[in-house]
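One structure is given below, encoded as structure tokens.
The values are calculated or read from the model by the stated rules, or taken from the named source; none is laboratory data. Since this is a predicted model, take the numbers as computed values, not measurements. Here the Cβ is made from the backbone with ideal geometry for all residues, glycine too, and neighbour counts use every protein chain on show. Remember, those area values only see protein heavy atoms, side chains included, never the ligands or the DNA or RNA. Shrake-Rupley method; radii C 1.70, N 1.55, O 1.52, S 1.80 Å.
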Amino acid sequence: MPKLAVLISGRGSNLGALIAAQQAGVLGGVIALVVSNKAEAGGLKLAQKAGIRTEVLEHKNFSSRELFDATLIELLDANRIDTVILAGFMRILSPDFVAHFPDQLINIHPSLLPAFPGLHTHTAALDAGCQFHGCSVHYVTAELDQGPIIAQAVVPVLPEDTPEALAARVLLEEHRIFPQAVRWHCEGKLRIVGMRVHVGE
Ligand code: GRF
């Protein structure tokens with residue numbers, strides 16, 4: 001089974017969904033390490049409760065993005081990590097980092113990409129008058145929130161929605177499609193052809 005590292009910055013509800021899938025025997029890989037760039041990230045406790053090794057690498061202690069990323073690569077390599085899962089990791093990774101894990105870097109983003117890359121996606125979807133919104137799991141390339149899309153889920157935008165209400169509806173879908181996409185990847189079912197990802201046997 002592939003060894004996975006999950007990178008987080010915050011509460012870690014997506015990490016929780018991945019841990020639940022692992023415990024149910026349906027993740028297809030083993031979460032060997034959880035790394036946070038913030039010491040106070042709630043997700044660290046979830047990992048520890050599940051008996052998963054955690055590391056904190058605070059970016060504020062590094063003089064440059066390149067130095068932080070190089071240290072992160074060392075940590076991941078020392079743990080023989082095959083695939084890196086970004087689960088609410090609020091740092092842009094340098095091209096060198098991305099190149100170190102070719103086709104082995106997966107992110108969840110709370111919008112229907114390529115719409116609304118970056119932050120504040122739920123507010124952006126409401127401001128744009130979208131009637132549908134959602135989330136995307138995708139392979140990471142050097143461009144922010146781009147890269148071949150593995151899975152998406154769609155939710156309706158309701159007339160009275162606030163960004164928070166919409167975010168909560170999307171989050172439920174994130175928790176559903178993220179473990180599924182990681183499982184396909186781990187089981188070798190995904191084939192990347194240009195920007196498209198084919199799911200096969
Ligand atoms: C999620 O909405 C994820 O899509 C985005 O950041 C949020 C992280 O939430 N990248 P959590 O830490 O997994 O609860």
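Summary of values
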item	result
Residue among V26, V35 that is among the aliphatic types (A, V, I, L, M) and over 27 Å from R191 (Cα atoms)	V35
Given (1) at pLDDT below 95; (2) closer than 19 Å to I177 by Cβ, number of the condition H59 does not satisfy	(2)
Qualifying positions in the stretch 1-52 - within 10 Å of the ligand (Cβ to nearest atom) and β-branched (V, I, T)	V6, I8
Hits in the stretch 1-33 - residues which are buried (at least 17 other Cβ atoms within 10 Å of the Cβ), in contact with a Lys or Arg (Cβ under 7 Å, 6 or more places away or on another chain) and free of Cβ contacts under 8 Å to residues at least 60 places away in the same chain	A32, L33
Those residues of the stretch 34-44 which are open to solvent by 20 Å² or more (accessible area, probe 1.4 Å) and in contact (Cβ under 8 Å) with a residue 24 or more places away in the chain, in sequence order	K38, G42
The stretch 157-201, residues that are farther than 19 Å from T83 by Cα, in a helix (DSSP H, G or I) and hydrophobic (A, V, I, L, M, F, W, C)	A165, L166, A167, A168, V170, L171, L172
Total residues in the stretch 1-29, condition part of a helix (DSSP H, G or I) and touching a strand residue (DSSP E or B) at 6+ places or on another chain (Cβ under 7 Å)	5
Selected residue [modelled with pLDDT of 95 or more and more than 26 Å from L27 (Cβ to Cβ)] from D103, D127	D127
Residue among I92, I106, I85 that is within 14 Å of the ligand (Cβ to nearest atom), under 14 Å from the mean Cα position of the chain (by Cα) and free of Cβ contacts under 8 Å to residues at least 60 places away in the same chain	I92
Residue match in the stretch 187-198 (condition: touching a Ser or Thr at 6+ places or on another chain (Cβ under 7 Å) and either at pLDDT 95 or above or open to solvent by less than 30 Å² (accessible area, probe 1.4 Å) (or both))	no
